Amino acid sequence: MAGRLRERVEALKRETFALWLAARHPGTPWFAKAFVAMVVAYAVSPIDLIPDFIPVLGFLDDLVLVPAGIWIAMRLIPAEVLEECRARSAEALSGGKPPGRSAAIVVVAIWVALAVLAAIFVAGL
């Protein structure tokens, strides 16, 4: 059972990294890139639609919304682009962990920018 779980985790890593590569691919439509950005931002964001302290429902949104968003994003990306990115992902991950932390940096930058804009708005009232 532990071996099967390890295989599933590795497959999830490959697919997630392939999705990240596809979001940066020039052959991916803009609306798919925007949707992928929203899904990734929601997945790594500390702010949830339903707060985690609410029993069961707090974690249910993470178990349903994030996988559903990934599934929809995969459907929005052209098949040939996704296959190319899956191959690149498998190649990159065969040597260890994926390069860079750019997604986390972008999400943090977005939250900081939103906080600054909210502070400016509140100060202007």
Those residues of segment 27-82 which are outside any helix (DSSP H, G or I) and modelled with pLDDT under 75 amount to Ser45, Pro46, Ile47, Asp48, Leu49, Ile50, Pro51, Asp52, Phe53, Ile54, Pro55, Val56
Residue hits (segment 63-86; β-branched (Val, Ile, Thr) and either touching a strand residue (DSSP E or B) at 6+ places or on another chain (Cβ under 9 Å) or in contact (Cβ under 8 Å) with a residue 40 or more places away in the chain (or both)) are Ile70, Ile77, Val81
Counting only residues that are more than 11 Å from the chain's Cα centre (by Cα) and not basic (Lys, Arg), segment 1-20 contains a total of 9
**Study point:** Meets criteria (within 12 Å of the chain's Cα centre (by Cα) and more than 19 Å from Val108 (Cβ to Cβ)) for Pro29
**Key:** no
Listed by first then second residue, the pairs whose first member lies in segment 21-44 and is at negative phi, whose partner is crowded, with 18+ Cβ neighbours inside 10 Å and of a type in the set (S, T, N, Q), with beta carbons under 7 Å and at least 6 positions apart or on separate chains, are Leu21/Ser89; Ala22/Thr28
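The values are calculated or read from the model by the stated rules, or taken from the named source; none is laboratory data. Keep in mind that what you see is a predicted model, and the values were worked out from it rather than measured. No Cβ is skipped: glycine too gets one built from the backbone with ideal geometry, and neighbour counts run over all protein chains shown.
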